[in-house]
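For reference, the structure discussed in these notes is given below.
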Amino acid sequence: MKKTVRSPGSATIINAIATGFGSAFGIGLDIKCEAKTADNSITCSNDVGADNTLMELCVDRVFGHYGIDKDEFGIDLKTKSSLPMASGLSSSSASSNAIVKVVSSIVSEEFDLKPLDDLQIINMAIDASLEAGVTITGSFDDATASYFGGVVVTDNRNRKFIIKDKMEEYQILVYMPNFYSKSGDSNPERMKLLAPLVETAFGFAKQKDYFKALNLNGLIYSATLGFDSSIAIDALEAGAIASGLSGTGSSFVAVVTPESIDEVADAWSRFEGSVIRTEVDNTGCTLL
């Protein structure tokens, strides 16, 4: 048996580290995970040279849920990514969502067991990400924006939705500098100092004023984490609807119209790095 799942990344509206409340939306860059049954062995590989620990933990959690003995059933996993790794675009959430969904689909069908529901998949993927140390807050906002697509506003600590909705299908630009950051290198205590300001930005998100929230959040976290806020400001000056730091960096995103996309890309060309063109994703995590 062979199955493939596609899982999109997401971009930040509100980073949840400071307050425990977050917001994100799905983007067109994605991770695809192909899984096929194998002879009593678990093999994991990816096309970006990343450590396979997260992949293995996702398999362990699915097998543990179903009581599957790894000595009696095998699976081969391969991921292929168009998402830049460790850049604030939810690559770990997209990966864990895809792996848990595809492995659970194969196992439940192979053994005629009840499939996992959406939130079981998401929570299992989050728990694996926490165990792997690739997230600080559990990233319920990133995980659900990736899984369902569209826009979410969430209580990350309690893993609950405040808003879950489709988003207008804007084009998105992603600026990737020539360096990467890691969530584990961020200083949560320093970011929590800015909690009152982040709460103001989150208030806009709860009112569905997502672009104002994204702009303000990006400026707050850029200042806190030492990123150049002029990247976002230049995008706005060039006609972007909204722009800001995604996650804890190092990527910046800009929400653009067809009329402004080239001007914003040109504005970012003065910075060292690359510009990726994509779009809002409202589809989410799907079996192909």
- Message: Exactly one of these conditions fails for SER243: (1) in contact with an Asp or Glu (Cβ under 9 Å, 6 or more places away or on another chain); (2) hydroxyl-bearing (Ser, Thr, Tyr); (3) in contact (Cβ under 8 Å) with a residue 60 or more places away in the chain. Give me its number.
- Response: (3)
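Which strands (runs of 3 or more DSSP E) does segment 1-70 wholly contain that include 1 or more residues that are buried (at least 24 other Cβ atoms within 10 Å of the Cβ)? Outline the logic, then answer.
On the way: elements: 2-14, 21-38, 42-46.
Here the list reads 2-14, 21-38.
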- Message: From the list LYS212, LYS164, exactly one residue is touching a strand residue (DSSP E or B) at 6+ places or on another chain (Cβ under 6 Å), free of Cβ contacts under 8 Å to residues at least 40 places away in the same chain and among the basic types (Lys, Arg). Which is it?
- Response: LYS164
- Message: Can you tell me which of (1) at pLDDT below 95; (2) outside the structural domain of ALA86 (by TED's automatic domain parsing) is the one LEU130 doesn't meet?
- Response: (2)
- Task: Could you please let me know if TYR147 is buried (at least 19 other Cβ atoms within 10 Å of the Cβ), in contact with a Phe, Trp or Tyr (Cβ under 6 Å, 6 or more places away or on another chain) and of a type in the set (Ser, Thr, Tyr)?
- Result: no
- Message: Which residue is surrounded by the most Cβ atoms within 10 Å (Cβ to Cβ), if the candidates are limited to segment 201-217 and must be closer than 17 Å to ALA235 by Cα and of a type in the set (S, T, N, Q)?
- Response: ASN217
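Filter segment 68-127 down to the residues that are among the β-branched types (Val, Ile, Thr) and farther than 21 Å from ALA50 by Cα, then identify the one that is nearest to the chain's Cα centre (by Cα). Quick ask: steps written out before the conclusion?
Start the filter on segment 68-127 by keeping residues that are among the β-branched types (Val, Ile, Thr), which leaves 68, 75, 79, 99-100, 102-103, 106-107, 121-122, 126.
With farther than 21 Å from ALA50 by Cα added as a condition, the list becomes 68, 106-107, 121-122.
On the way: ILE68: 29, ILE106: 24, VAL107: 25, ILE121: 15, ILE122: 12 Å.
Looking at the filtered set, the residue picked out is ILE122.
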- Query: Out of all the residues in segment 194-209, is one or more part of a helix (DSSP H, G or I), in contact with a strand residue (DSSP E or B) (Cβ under 8 Å, 6 or more places away or on another chain) and closer than 18 Å to ILE27 by Cβ?
  - Reply: yes
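Would you confirm, using the coordinates I've provided, whether THR37 is of a type outside the set (Phe, Trp, Tyr) and more than 19 Å from LYS114 (Cα to Cα)? Even if it seems obvious, please write down each step before you answer.
Working: of a type outside the set (Phe, Trp, Tyr): yes; more than 19 Å from LYS114 (Cα to Cα): no.
No.
Out of the strands (runs of 3 or more DSSP E) lying entirely within segment 221-288, which hold 1 or more residues that are surrounded by 14 or more Cβ atoms within 10 Å (Cβ to Cβ), modelled with pLDDT under 95 and touching a Lys or Arg at 6+ places or on another chain (Cβ under 9 Å)?
Of the strands (runs of 3 or more DSSP E) lying wholly inside segment 221-288, none has at least 1 residues that are surrounded by 14 or more Cβ atoms within 10 Å (Cβ to Cβ), modelled with pLDDT under 95 and touching a Lys or Arg at 6+ places or on another chain (Cβ under 9 Å).
The values are calculated or read from the model by the stated rules, or taken from the named source; none is laboratory data. Remember, it's a predicted structure, so these values are computed and weren't measured experimentally. Backbone-built Cβ (ideal geometry, glycine too); neighbour counts: all protein chains shown.
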